[in-house]
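Read the structure below first, then the notes.
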Amino acid sequence: MLGLQNAGKTCLLNVLSGGDFTYDTISTIGFNMKKVQKNNVSIKCWDIGGQPRFRPMWERYCRGASAILFVVDMTDIEKLHAAREELHDIMGQESVEGIPLLVLGNKSDMQAKVSVDELIDALDLKSIEHREVSCYGISAKEETNLEAVLSWLVKRANEPPKPGASRR
């Protein structure tokens, strides 16, 4: 799980793993790992810090992953360009080629936000090749679309790894 700082990655992971949403979540320093259970599937989710000093480490955590989740704050329009740059940088890494990408526009419960279509355009998702790319608007706070996210993850966790790739 990647994204710029304050996108809501840690809150989302807390909610997905069965915890409660909290407003006063402290930004992840380094990384955080939790297991998410859905039916009989257990998924190990890594929440990687989004501050600039941690972004060079993103690629190492993504190698061999079943999926990459990129979380974006739909209300922080000023950071969309930086989010696009970071997303395209990681997607351009040969070591993550072919790994499915799920972009999550978080904070969809807020009034002042971009739409999912605007997010797709702002992040230039249609230009990302060599992998499946999906995008959902979610709200970790209201738990909007989180069942769809879990279903998406479970489907990818059950798929066999690509030849030559090891899975975490």
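Hey, what did the chain get for relative contact order, percent, Cα under 8 Å, at least 6 apart?
Dividing the mean separation by the residue count of the chain yields 24 percent.
What is the pair-distance distribution P(r) of the stretch 34-116, computed from all Cα-Cα distances in 5 Å bins starting at 0, with each bin given as a whole percent?
3, 13, 21, 23, 18, 14, 7, 1, 0
Considering the chain, what Rg and Dmax in Å follow from its alpha-carbon atoms?
When restricted to the Cα atoms of the chain, Rg and Dmax are 14.6, 45 Å.
Laboratory data are not the source of any read-out in this text; all were calculated from the coordinates shown. Quantities reported herein were computed from a predicted structural model and do not represent experimental measurements.
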